[in-house]
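A quick write-up on the structure given underneath.
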Amino acid sequence: MAAVTAAAAQRWWIRAPQANQVFEIVHSDDEWRRLLTPEQYAVLREGATEPPFSSPLLHEERRGAFACAGCGLDLFSSTTKFDSGTGWPSFWAPLDNAVNETEDTSFFMVRTEVQCHRCGGHLGHVFNDGPQPTGLRYCMNGVALVFKPATA
């Protein structure tokens with residue numbers, strides 16, 4: 001995971017905070033650094049991307065929910081997870097009111113960034129090349145997620 005931290009240290013990699021956004025869960029930069037691992041901090045708070053095929057969640061197939069590693073909000077149901085072949089956990093739809101989508105113009109392209117609705121953590125991006133029924137691919141960083149197995 002050193003690649004995530006090293007890449008996040010480069011200024012062109014770090015996303016600018018959205019000053020107009022207000023979130024339910026707010027922490028100072030120092031608090032986030034204490035609450036998250038360096039890899040989680042780089043992705044969730046600085047918008048870095050983990051290396052492809054590096055997340056154990058890529059192969060998670062149990063029933064349950066994928067939640068934000070920053071605040072614990074359930075984001076995706078395991079029933080919407082699919083193997084996109086991209087190397088990142090992918091889903092065809094988020095849970096209701098779980099994510100925000102904003103325009104991301106980094107790397108000289110226009111993409112749609114996906115953030116946690118409750119804490120604003122960067123999760124990944126959404127693309128229009130996914131399976132039905134939505135045709136969407138929510139390409140998420142596994143380090144930004146935690147898996148909660150179904151209890152019943």
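The values are calculated or read from the model by the stated rules, or taken from the named source; none is laboratory data. Quantities reported herein were computed from a predicted structural model and do not represent experimental measurements. All Cβ positions, even for glycine, are placed from backbone atoms using ideal geometry, and neighbour counts span all protein chains on display.
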- Message: I need the full set of residues from the stretch 19-33 which are at pLDDT 90 or above and over 19 Å from the mean Cα position of the chain (by Cα), in order please.
- Response: Ser28, Asp30, Glu31
- Consider Pro131 against the criteria (1) in a loop (DSSP other than H, G, I, E, B); (2) crowded, with 17+ Cβ neighbours inside 10 Å; (3) at negative phi: it satisfies all of them except one. Which criterion is unmet? (2)
- Scan the stretch 113-152 for residues that are charged (D, E, K, R) and without any contact (Cβ under 8 Å) to a residue 40 or more places away in the chain and jot them down. Asp129
- Message: Looking for something touching a Leu at 6+ places or on another chain (Cβ under 8 Å) and farther than 29 Å from His27 by Cα - is there at least one such residue anywhere in the stretch 87-96?
- Response: yes
- Working only within the stretch 103-119, note down all residues that are over 16 Å from Phe66 (Cα atoms) and within 13 Å of the chain's Cα centre (by Cα). Thr112, Glu113
- Note on the structure: Scanning the stretch 58-108 for residues that are touching a residue at least 60 places away in the same chain (Cβ under 8 Å) and in a loop (DSSP other than H, G, I, E, B), the one surrounded by the fewest Cβ atoms within 10 Å (Cβ to Cβ) turns out to be Arg62
- In this structure, does Thr151 turn out to be at pLDDT below 95 and either of a type in the set (Gly, Ala, Ser) or part of a loop (DSSP other than H, G, I, E, B) (or both)? yes
